[in-house]
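The values are calculated or read from the model by the stated rules, or taken from the named source; none is laboratory data. Quick caveat: nothing in here was measured; it's all calculated off a predicted structure. Here the Cβ positions follow ideal geometry from the backbone for every residue, glycine too, while neighbour counts run over all protein chains shown. Ligands, DNA and RNA are stripped out before the accessible areas are found, and what is left, the full protein with its side chains, is counted by its heavy atoms. Shrake-Rupley method; radii C 1.70, N 1.55, O 1.52, S 1.80 Å.
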Amino acid sequence: MTAIRKKSAGASKSDLVYRLVAVGAAAVVLILMAGLMLELTVNSWPSIRKFGVGFLGSTSWNPVTEEFGALSSIFGTLVSTAIAMIIAVPLSLLIALFLVELAPPAISRPVGYAIELLAAVPSIIFGMWGLFVFAPFMADHVQPVLRDRLGFLPLFDGPPMGIGMLTAGIILALMVLPFITAVVRDVFRMVPPVVKEASYGMGSTTWEVTRRVTVKYGFSGLLGAVFLGLGRAVGETMAVTFVIGNSHDVSSSLFAAGNSIASTLANEFTEASEPVYLSSLIELGLVLFVMTLLIQIAAQLWIRRVAQKAGGGL
Amino acid sequence: MKPRPSTGRKLADLVVKGLSIAASLLGIFVLGWILFEVGRRGIAALNWDFFTQLPTPPGVDGGGLSSAIVGTLIITALATVIGVPVGMMAGVYLAEVGKGTRLASVVRFTINVMMGIPSIIIGLFIYTIMVLPVGRFSGLAGAVALAIIMLPVVARTADDMLNLVPNELRESALALGLPRWRVTFAVVFRSAKSGLVTGVLLAVARVSGETAPLLFTSLNSVYWPTSISEPMSNLTVTIFNYAMSPYPDWQQAAWGASLLIMAAVLFVNIISRGMFRERKK
């Protein structure tokens, strides 16, 4: 090959350009990532310097007195994400079970396709639907029932307004559901039929095979799916902004309006005129960035570790 | 050995199967519900004026979102022009030029992490480097933000698709004396064409419905887009602003814009998936 390259100097020069362009593009990726971290840190510096670590633990958010704290936004992000995961993970497992084990191909394919399309629906459409269709539905039909039955819990106390933490969590669940389902489905499919058949041969029911064989075999892959959903739910912006209610109060009720880091940014960023206000919002973004970064890195390392373990699981 | 009593086990199995069917029906129902509501309420807003007129203040009849439609097209096209080549070449680096090197695995890791960064953070980043220094929101900043969201998606698809091309193909082309770059673009790319096109289309579909990264970059405008260095009107931010407004006619226009965006995104999705599936057979 070197001989050929020597023969045509023009080709080797063009190859050099080709290599440089490819390396350049790869470098762009690294530069963007480094730039992102640097820019977010530098621009949140005034806020970091003014509020210190207390920023993370303070619930005050007052643009007039310029006192800012991230706690209510972090709280809202965590609560809405938790609701979303509690709903989406079991649903995804059930749907994947249906697609892989129960439904014949003629049904499984269109159903799978519909779930994939749900993933393609833009966030803002979920927001429109959430605000004008789903939130009134929650206020009229779901929240009153929950309050009557479970109102003794502080979680389900308060006026059924429709918008609020619970509605945001449910919509988030619907949004991450297709992503988790897709991974779970692949994990279920990768379990060798022999292993499952062996269990069926012992007289196990479908549920027993799923619980004791499929889930156990693919456990690490399933955890990866959960990480993926988590990463998406934490940073989801528009749909949450539409329905979460945008209040800086921390409430024990899931019916109450709240906010998330992303929704606070979406709502207030263009209004922020004072440097400290702007800087505090960017620091909020930095907090969100660090959260997703940790989730991503944990997921990546986990997947890599699992992939290296040849044989055992996925 | 005595068989265990089977009624309880069978019941549990039946319950799980029932739940599993119910969960799938719920997924389909939600998709149908969203499509139905957006279709029903959106249709009511669509008319000739919607496509041809500039936005009007609330309460004034006859306004449309022509500027936002054109703005979204410009921003998405610009983002594609910027994001796709860079993403493609990064994919080429991963799968061809730097294959197996340490740098490639670092870049691949970074790309995977980048795919998980919330789009609003990308918007924030672009705000700090393209809006804050010049003190003006701009359509170009919006396009760059969307391009950065496309980049890892395209790069990863390219990486995956190029890796599917058998090595024999590269070796035969090299043996014919082709330079590396021609092997990549004339042989490997052609072989992976349908996958690459699908990846690009899905990336375009994804960013065309993005709102969050445009909020701090392109912002919005009520004027006809004339320059990419000024705030540019676009459909998604318009939906956000109009939906949050108390005016019924603006809210209706938001539904019209939602229908337009959703139809476009789903159309591209269905086309590209169908295309990929056909080629795979």
Task: Surface accessible to a 1.4 Å probe, A:Met291 within the full protein complex, Å² - done: 40 Å²
Task: Integer Hz, Karplus 6.51/-1.76/1.60 couplings in order for segment A:253-260, x for Gly and Pro - done: 8, 6, 7, 6, 6, x, 8, 10
Open item on the list: Looking at the calculated P(r) for chain A, what percent of the C-alpha pair distances fall above 38 Å?
Closed with: 31 percent
Task: Accessible surface of A:Tyr113 - all protein chains present, 1.4 Å probe, nearest 10 Å² - done: 50 Å²
TODO: Provide the descending list of Cα extents for segment A:1-128 along its principal axes, expressed in whole angstroms.
DONE: 71, 59, 25
Task: Computed over segment A:1-135: relative contact order in percent, which uses C-alpha pairs under 8 Å that are six or more apart - done: 8 percent
- [ ] Would you kindly calculate the translational diffusion coefficient of segment A:32-73, applying Stokes-Einstein with the Kirkwood radius from alpha carbon pairs, for 4 °C and a viscosity of 1.567 mPa s, and quote it in µm² s⁻¹ without decimals?
- [x] 116 µm²/s
TODO: Provide the three semi-axes, in whole Å and in decreasing order, of the ellipsoid equivalent to the protein assembly as shown as defined by the square roots of 5 times the Cα gyration tensor eigenvalues.
DONE: 37, 35, 24
Open item on the list: Compute, for the protein assembly as shown, the length of the dipole vector about the Cα centre, with Cβ point charges of +1 (Lys, Arg) and -1 (Asp, Glu) only. Units Debye, rounded to 20.
Closed with: 3140 debye
Task: Mean separation of Cα contacts under 8 Å (6+ apart) over length of chain B, as relative contact order % - done: 25 percent
Task: Size descriptor, Kirkwood hydrodynamic radius, that averages inverse alpha-carbon separations across segment B:1-79, Å - done: 17.6 Å
Open item on the list: Along the Cα→Cβ direction, 7 angstrom out, place labels at A:Lys13 and A:Leu155. What is the inter-label distance in nm?
Closed with: 7.1 nm
Open item on the list: Over 23 Å apart: what share of the alpha carbon pairs of segment B:141-266 falls there, rounded to a whole percent?
Closed with: 50 percent
Open item on the list: Please check: in the Gaussian network model of chain B (C-alpha springs, under 10 Å), which one of B:Ile121, B:Ile21, B:Ile271 has the largest mean-square fluctuation.
Closed with: B:Ile21
Task: Charge dipole (debye, nearest 20) of segment B:111-228; +1 at Cβ of Lys and Arg, -1 at Cβ of Asp and Glu - done: 200 debye
TODO: Grab the DSSP H runs of the protein assembly as shown that are 4 residues or longer, score each as -39,500 (n - 2.57), total them, divide by all residues and round the 222 nm result to the nearest 500 deg cm²/dmol.
DONE: -22500 deg cm²/dmol
Task: Relative compactness, segment A:157-314, computed as alpha-carbon Rg over 2.2 N^0.38 Å - done: 1.38
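Could you order A:Asp157, B:Asp13, A:Asp140 so the one with the most accessible surface comes first? Probe is 1.4 Å.
Numbers: A:Asp157 80, B:Asp13 15, A:Asp140 105 Å².
Largest accessible area first, the list is A:Asp140, A:Asp157, B:Asp13.
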TODO: Using amide H atoms built 1.01 Å from N in the peptide plane, name the residues 5+ places from A:Glu67, or on other chains, whose amide H lies under 5 Å from its own.
DONE: A:Asn62
- [ ] Find the percent of Cα-Cα distances in segment B:1-157 that exceed 20 Å, and round it to a whole number.
- [x] 72 percent
TODO: Work from the charge dipole of the protein assembly as shown (Cβ charges, +1 for Lys and Arg, -1 for Asp and Glu, about the Cα centre) and give the residue of B:Val107, B:Val30, A:Phe134 farthest towards its positive end.
DONE: B:Val107
Open item on the list: Calculate the FRET efficiency for B:Phe29 and A:Ile48 from the Cβ-Cβ distance with a Förster distance of 51 Å, rounded to the nearest 0.05.
Closed with: 0.65
- [ ] Apply the Debye scattering formula to segment B:67-158, with a single equal point scatterer on each alpha-carbon and no solvent, then give log10 I(q)/I(0) at q = 0.14, 0.20, 0.23, 0.26 Å⁻¹.
- [x] -0.55, -0.94, -1.10, -1.22
- [ ] Scale the Cα Rg of segment A:72-211 by the rule-of-thumb value 2.2 N^0.38 Å and send over the ratio, two decimals.
- [x] 1.29
Open item on the list: Compute a Gaussian network model of chain B, connecting alpha carbons closer than 10 Å, and tell me which residue from B:Val15, B:Val70, B:Val154 fluctuates the most.
Closed with: B:Val15
- [ ] Would you mind pulling out the separation of the Cα centroids of segment A:18-72 and segment B:142-207, in Å?
- [x] 33 Å
- [ ] First obtain the Kirkwood hydrodynamic radius of segment A:224-301 from its Cα pairs, then insert it into the Stokes-Einstein equation at 20 °C and 1.002 mPa s, and state the resulting D in µm² per second as a whole number.
- [x] 157 µm²/s
- [ ] Considering only protein heavy atoms, with the full assembly of protein chains and a 1.4 angstrom probe, order B:Lys17, A:Lys196 by accessible area, largest first.
- [x] B:Lys17, A:Lys196
